[in-house]
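The values are calculated or read from the model by the stated rules, or taken from the named source; none is laboratory data. These numbers come from a predicted model, not from an experiment. Methodologically, a virtual Cβ is constructed for each residue, glycine included, from the backbone with ideal geometry; neighbour enumeration extends over all protein chains shown. Protein only, heavy atoms only, side chains kept; ligands, DNA and RNA dropped before computing areas. Shrake-Rupley method; radii C 1.70, N 1.55, O 1.52, S 1.80 Å.
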Amino acid sequence: DEPNVSFAEILDAAGELPIPPYLNRKTEESDLRTYQTVYSRIKGSVAAPTAGLHFTDKVLDNLRQRGIEMDEVTLHVGAGTFLPVKTADANEHTMHTEIIAVPRETIAHILSKLGHVVAVGTTSMRTLESLYFMGCNRAASVSQFEPYDHPHTLTTAEALQSLLDWMDETHQPVLHAETQIMIKPGYQFHVVDQLITNFHQPQSTLLLLVSAFVDGDWKTIYNYALSHDFRFLSYGDSSILTRKHQ
């Protein structure tokens, strides 16, 4: 009898915050505050992009004061983000699809800052890297093996400009798209230069992504973290990784 009540409001009232299953505990009252980024705006994800949990309002203000420019993208994390890689061959793992929304001005800003792009979180990484292929194809979707099955010759600048031109031609102020991109060793990065991310569990697509980003040298990084008692996973410590430009 309440026609103005949204499905999200029903979930808030009757549901339970879905914290990661590997925490092996029930949701606590504190999770409602701590398992969420300070810049979250739009409902839709089944999980928080946990690399962003390290950023408080104070940290963000300090970054702005230091001249660090920031843009936000919308991405709806799916339940598949928790799905472990159960196959011996990573190519046999099926990636989940994530829905993204990126304003035109954000893409233009990225284009102007190529060589200095930092992604906060692996899902943000997948979003930003997907922009390259969307520009190459002038399409609002990227399949799982697009980067490997269909090599492209456009530079990153050319691809992003193509994406902006296509958005202008089709009157899209915001790119609403979906990506199933799988980033694994052998992937050639196009957009992101540095990645802020937590420490991930074995047999995860997130660790495959990290391995690809650091050119296979993830064991050195993780051995250091283990020997210095770093905390892993969603409520754990963070790292900032830099890729070798290809």
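Details
- Counting only helices (runs of 4 or more DSSP H) that sit wholly inside the stretch 51-137, those with at least 2 residues that are out of contact with any Leu (no Cβ under 8 Å at 6 or more places or on another chain) and among the hydroxyl-bearing types (Ser, Thr, Tyr) are 104-112.
To keep it simple, each residue is scored yes or no on (1) touching a residue at least 60 places away in the same chain (Cβ under 8 Å); (2) open to solvent by 20 Å² or more (accessible area, probe 1.4 Å).
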| site | (1), (2) |
| --- | --- |
| Phe55 | yes, yes |
| Gln65 | no, yes |
| His93 | yes, no |
| Thr122 | yes, no |
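For (1) under 12 Å from Met125 (Cα atoms); (2) in contact with an Asp or Glu (Cβ under 9 Å, 6 or more places away or on another chain), each residue gets a yes or a no:
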| position | (1), (2) |
| --- | --- |
| Gln188 | no, no |
| Thr197 | yes, no |
| His200 | no, no |
| Gly216 | no, no |
| Asn223 | no, no |
| Arg231 | no, yes |
| Ser234 | no, no |
| Asp237 | no, no |
| Ile240 | no, no |
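- Some residue of the stretch 77-87 being within 16 Å of Gly52 (Cβ to Cβ), hydrophobic (A, V, I, L, M, F, W, C) and modelled with pLDDT of 85 or more: no
- Residue count, the stretch 2-44 (criterion: among the β-branched types (Val, Ile, Thr), part of a helix (DSSP H, G or I) and modelled with pLDDT of 75 or more): 1
- Some residue of the stretch 133-141 being under 19 Å from Leu209 (Cα atoms) and either surrounded by 16 or more Cβ atoms within 10 Å (Cβ to Cβ) or of a type in the set (A, V, I, L, M) (or both): yes
- In the stretch 142-183, the residues that are part of a loop (DSSP other than H, G, I, E, B), β-branched (Val, Ile, Thr) and surrounded by 13 or more Cβ atoms within 10 Å (Cβ to Cβ): Ile181, Ile183
- Which listed residue is part of a loop (DSSP other than H, G, I, E, B), in contact with a strand residue (DSSP E or B) (Cβ under 6 Å, 6 or more places away or on another chain), at pLDDT below 95 and more than 20 Å from Thr97 (Cα to Cα), from Gly216, Gly186, Gly236: Gly236
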